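Report on one structure; see the data block that follows.
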Number of protein chains: 6
Amino acid sequence: MEVVVITKRGTLIGRMQPIHNGHISVIKETLKEMDEIIIGIGSAQISHTIENPFTAGERILMLSKALTEHNIDPSRYYIIPLEDIACNSLWVAHVKMLTPPFTKIYSGNPLVKELFQENHYDVITPPLFNRKEYSGTEVRRRMLNNGNWEKLIPKSVTKIIKDINGVERIKYLNQKEVSQL
Amino acid sequence: MEVVVITKRGTLIGRMQPIHNGHISVIKETLKEMDEIIIGIGSAQISHTIENPFTAGERILMLSKALTEHNIDPSRYYIIPLEDIACNSLWVAHVKMLTPPFTKIYSGNPLVKELFQENHYDVITPPLFNRKEYSGTEVRRRMLNNGNWEKLIPKSVTKIIKDINGVERIKYLNQKEVSQL
Amino acid sequence: MEVVVITKRGTLIGRMQPIHNGHISVIKETLKEMDEIIIGIGSAQISHTIENPFTAGERILMLSKALTEHNIDPSRYYIIPLEDIACNSLWVAHVKMLTPPFTKIYSGNPLVKELFQENHYDVITPPLFNRKEYSGTEVRRRMLNNGNWEKLIPKSVTKIIKDINGVERIKYLNQKEVSQL
Amino acid sequence: MEVVVITKRGTLIGRMQPIHNGHISVIKETLKEMDEIIIGIGSAQISHTIENPFTAGERILMLSKALTEHNIDPSRYYIIPLEDIACNSLWVAHVKMLTPPFTKIYSGNPLVKELFQENHYDVITPPLFNRKEYSGTEVRRRMLNNGNWEKLIPKSVTKIIKDINGVERIKYLNQKEVSQL
Amino acid sequence: MEVVVITKRGTLIGRMQPIHNGHISVIKETLKEMDEIIIGIGSAQISHTIENPFTAGERILMLSKALTEHNIDPSRYYIIPLEDIACNSLWVAHVKMLTPPFTKIYSGNPLVKELFQENHYDVITPPLFNRKEYSGTEVRRRMLNNGNWEKLIPKSVTKIIKDINGVERIKYLNQKEVSQL
Amino acid sequence: MEVVVITKRGTLIGRMQPIHNGHISVIKETLKEMDEIIIGIGSAQISHTIENPFTAGERILMLSKALTEHNIDPSRYYIIPLEDIACNSLWVAHVKMLTPPFTKIYSGNPLVKELFQENHYDVITPPLFNRKEYSGTEVRRRMLNNGNWEKLIPKSVTKIIKDINGVERIKYLNQKEVSQL
């Protein structure tokens, strides 16, 4: 009986475009309270936009390597891509379908919190860690403006972004359309 | 033969977030002209947003109780949830699939009117009843600002909104996100 | 508080292709136990097949007229079309989104029962009423074979099926394809 | 006014897996009655199965080259891929959305005929041309059994099937699964 | 072997709301470099909005007649409607599924270019032809403001737009909503 | 550069209803050849049927615990749920979107092999390990017939199936429908 009943499991969801140091800090903090955590990669179906440059597969790779870099025990987390769905009313059931059983959700998003509360989950707002710099928006802004984005993210994530030419991709997507088609 | 051929049936569609006194007045007015009416609950799949706080099921309950409160004969109307679809060109066929046969559509929305006109329906713009106050936008605005929203809607709808903690929901959803995930 | 908390509400789901006397008996029986019932029209998106000849809108019309014929108080039921969805895991949330709050589900289908039980609903198997004759399969079989299908269904449903040329439709669909396209 | 009103336009729909001599004969016959025809490639989204080996794009190429081979005036036809949709009730609107205006539909399929008749189109059953041999099922059967499939289809279609290794594809797909995953 | 291997085929994609002289010039230019071209009608599922007034079927008709008007050899092009899809990562495979094999893509849109480059296609930015006037936005603007839109588009397209009351449609859709539903 | 270029990564896909000893053997074998593997949980959206009793989340949990039980280094695999899609032609792009970059696919399924071969992946048929017993079909058959299913699967998977009442679920779903709705 113990796996389901006794293991304390909590869920965190983020788009992680890309993974940054703030994600790592929140994950470490959550692992102090939980036996295992589920890390949902949100908007998994979206990629190749300025706000969402990376595919779900690329983000899974980044997160996986970043957690290894930080010596976080891999038997304590699950990384699961979560596609958006059209109906907010179905979101909790959708997450539940794709994840091991859990009872706590860590989120600062009012919609996520409201939906899980209505479904009787414990909802916890995770603490913030240097939020002004450690944010996906700031990382992407620096990528577009040749700023120092590398210092905001784990080294292993930097490496992957370079391997896949991630900065070139976001700059390319940011070009003005030149077309009359 | 008379059910299909002789019964005069008309359709009204609204998001009804939530049902207000304007809806009731339009429904009463339409019932003066039609034998039976179909009331479509639009954007049925959307809920838990500031603009669309209530689920289709909650809106069906509200409308049903409000019409009973106003002593409108239940054998004269059908309440039918209508989900949005991606293609405007399929909208008329979608509505037709989900509703008893009808020949008239009551709407003030140019897109709805255009689509039904192209499909040879009679299109009628219903009269307005104190539109400035009797509007979903105004009701939701007052909910967020502790205004007197109750006076704009039927008593039975107020009761349901209180039962489901509807005002708390919309206020909760209106909070600023506090998250770096 | 009483609407949500005190009203005892139960849900029945059937494809109703078409509505027959068995449906009416089950509905009457259920209304002895419940204050209000929700009648879900299943597989609402399917029509024009041998197994599912009628559209959701036609079935809503049939059911509504049949319940009036049987003098069932219309303030005690809600008729709601329910489209199938791909994921069984989302089915309960899908039904919940489209219906007023309820706590009991009446069904003889193992999948429906399992899904609602896992979501902590009371599940009740409704009694059978002359199941051999009062079944959609039997009604459709008689339609195709010029049998006496009328005696298995309410008079008002017979009338609607004749108005919409329902028997011609099912016979037409039953023809062999003659095509090399 | 004449394009829409005066041009007589008819529609034919087939899966064309692959295009065979029967299709060509029906198209020629239809062009005797119509000014222009629309040729819908049905089940456009399906490919890589035994019954549906070719993609929509491959079928568009085959049909286009076959009609050129038969000296059919290209200003008199439109080739349009049509994906299947879940709801029969929306099928006519779906076809209408993707095609130039037309008034006649040529089909031997009872469902297609019923749906278009209910929407007030003229429905015509096209004649058959050596249906036993000129059929997609027969062509695919011969491909799997090293029979003479080439004589059933236009030369240009044979050429394309060879270019894309179509026979190898269908034989490969026909293998038994060897897996315990 | 030559159809697939030797024929030089390139693809152009545009929403063509509506087709204008700029489209025709780009198509003519592209045909100087390619043996055959594929012309994708983008956002095929969208119609009846101010930005996208025409259905895919109407746009196919317009383009077809315009190319005939300009004496472009119909055996050298394919006109194919392309619906939008939710995932950018699947876009190239989606286009590939619906089109004859091609190796070059002509586009000025950074997202399209990035996606096809990542899939190893040759990407070419087509030249601009009087882009300020020859643009869908400008044509629709003039339609709404009674300007001279006819001079920006082929005569045959003007005729079709008049036949289908296209200008009335866009003006009608542009009306302010008058409704409290 | 080394993550993407040098790491040898291969992909295995299975429905894993449930995970059995055959899966573990294939995974161990594959890890002899690859640096890292991606394990796709196929038909992730399906659950609560006789053939597919478990949700994707339950299968992720099972697989994760089974691999830990077998002391397989968690930094060498990624477990990723893969929902089915309607179009075979999009399958490879769909898998690619959701996974870290890989070059080899291990599969005994002709469709999967054909699709990946057409997209220039290396395709390898994995060896079989006591396939007659180590198969999902056999495990589910024994569950329904009170056979010794436990000996076919890892201990940790047995434990989870008991925790979630998995055998009761599959037996319940296997009951005959008793309903006239």
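Those residues that are facing chain B (nearest Cβ under 9 Å) and of a type in the set (S, T, N, Q), I need them from segment C:18-65; list them, please.
Answer for segment C:18-65, where residues must be facing chain B (nearest Cβ under 9 Å) and of a type in the set (S, T, N, Q): C:GLN45, C:SER47, C:THR55, C:SER64.
For segment C:152-159, check the following and say yes or no: at least one residue is surrounded by 15 or more Cβ atoms within 10 Å (Cβ to Cβ) and out of contact with any helix residue (DSSP H, G or I) (no Cβ under 9 Å at 6 or more places or on another chain).
Within segment C:152-159 (the criterion being surrounded by 15 or more Cβ atoms within 10 Å (Cβ to Cβ) and out of contact with any helix residue (DSSP H, G or I) (no Cβ under 9 Å at 6 or more places or on another chain)), the answer is no, since none of the residues qualifies.
For segment A:71-110, name all the residues that are under 13 Å from the mean Cα position of the chain (by Cα) and among the β-branched types (Val, Ile, Thr).
Scanning segment A:71-110 gives A:ILE79, A:ILE80.
Consider C:ASP122 against the criteria (1) surrounded by 17 or more Cβ atoms within 10 Å (Cβ to Cβ); (2) over 27 Å from F:PRO81 (Cα atoms): it satisfies all of them except one. Which criterion is unmet?
(1)
Is it fair to say B:VAL95 is among the β-branched types (Val, Ile, Thr) and within 12 Å of chain E (Cβ to nearest Cβ)?
no
Residues of segment B:21-36 being surrounded by fewer than 23 Cβ atoms within 10 Å (Cβ to Cβ) and β-branched (Val, Ile, Thr), which ones?
Selection gives B:ILE24, B:THR30.
When both residues are 6+ apart or on different chains and their Cβ atoms are under 7 Å apart, which pairs have a first residue that lies in segment C:125-151 and is on the phi < 0 side of the Ramachandran plot, and a second that is outside any helix (DSSP H, G or I) and of a type in the set (Lys, Arg)?
Qualifying pairs under 7 Å: C:GLY136/C:ARG15.
Would you tally the residues in segment A:88-105 being of a type outside the set (Lys, Arg) and surrounded by fewer than 21 Cβ atoms within 10 Å (Cβ to Cβ)?
Of the residues in that region, 5 qualify.
Which of the residues that make up segment E:166-181 are out of contact with any Pro (no Cβ under 6 Å at 6 or more places or on another chain) and more than 9 Å from every other protein chain (Cβ to nearest Cβ)?
E:GLY166, E:VAL167, E:GLU168, E:LYS171
Any residue at all in segment E:129-138 that's under 18 Å from the mean Cα position of the chain (by Cα) and more than 14 Å from chain A (Cβ to nearest Cβ)? Walk me through how you get there before you give the answer.
Step one: of segment E:129-138, the residues under 18 Å from the mean Cα position of the chain (by Cα) are E:129-138.
Filter once more, keeping what is more than 14 Å from chain A (Cβ to nearest Cβ): none.
Within segment E:129-138, not a single residue is under 18 Å from the mean Cα position of the chain (by Cα) and more than 14 Å from chain A (Cβ to nearest Cβ).
Which of the residues that make up segment B:160-170 are crowded, with 18+ Cβ neighbours inside 10 Å and either touching a strand residue (DSSP E or B) at 6+ places or on another chain (Cβ under 9 Å) or basic (Lys, Arg) (or both)?
Scanning segment B:160-170 gives a single hit, B:ARG169.
Answer yes if at least one residue in segment B:53-62 is closer than 20 Å to B:SER156 by Cβ and among the aromatic types (Phe, Trp, Tyr), and no otherwise.
Looking through segment B:53-62, at least one residue is closer than 20 Å to B:SER156 by Cβ and among the aromatic types (Phe, Trp, Tyr).
Could you list, in sequence order, all residues of segment A:101-117 that are within 8 Å of chain B (Cβ to nearest Cβ) and either within 16 Å of B:ARG169 (Cα to Cα) or without any contact (Cβ under 8 Å) to a residue 40 or more places away in the chain (or both)?
Of everything in segment A:101-117, those that are within 8 Å of chain B (Cβ to nearest Cβ) and either within 16 Å of B:ARG169 (Cα to Cα) or without any contact (Cβ under 8 Å) to a residue 40 or more places away in the chain (or both) turn out to be A:GLY108, A:ASN109, A:PRO110, A:LEU111, A:LYS113, A:GLU114, A:LEU115.
Do you know which of the residues in segment D:67-88 that are more than 12 Å from chain E (Cβ to nearest Cβ) and in contact (Cβ under 8 Å) with a residue 12 or more places away in the chain is nearest to D:LYS28 (Cα to Cα)?
D:HIS70
For segment C:103-121, name all the residues that are part of a loop (DSSP other than H, G, I, E, B) and either among the hydroxyl-bearing types (Ser, Thr, Tyr) or under 30 Å from C:VAL167 (Cα atoms) (or both).
Hits for segment C:103-121 are C:THR103, C:SER107, C:GLY108, C:ASN109, C:TYR121.
Among (1) more than 15 Å from the chain's Cα centre (by Cα); (2) within 21 Å of C:SER47 (Cα to Cα); (3) in contact (Cβ under 8 Å) with a residue 12 or more places away in the chain, which single condition is C:VAL157 missing?
Against the list (1) more than 15 Å from the chain's Cα centre (by Cα); (2) within 21 Å of C:SER47 (Cα to Cα); (3) in contact (Cβ under 8 Å) with a residue 12 or more places away in the chain, C:VAL157 comes up short only on (1).
No lab work stands behind these numbers, since they all come straight from the coordinates. Here the structure is a predicted model, which means the values were calculated and not measured. With ideal geometry, Cβ positions are generated from the backbone for all residues, glycine too; neighbour counts draw on all protein chains shown.
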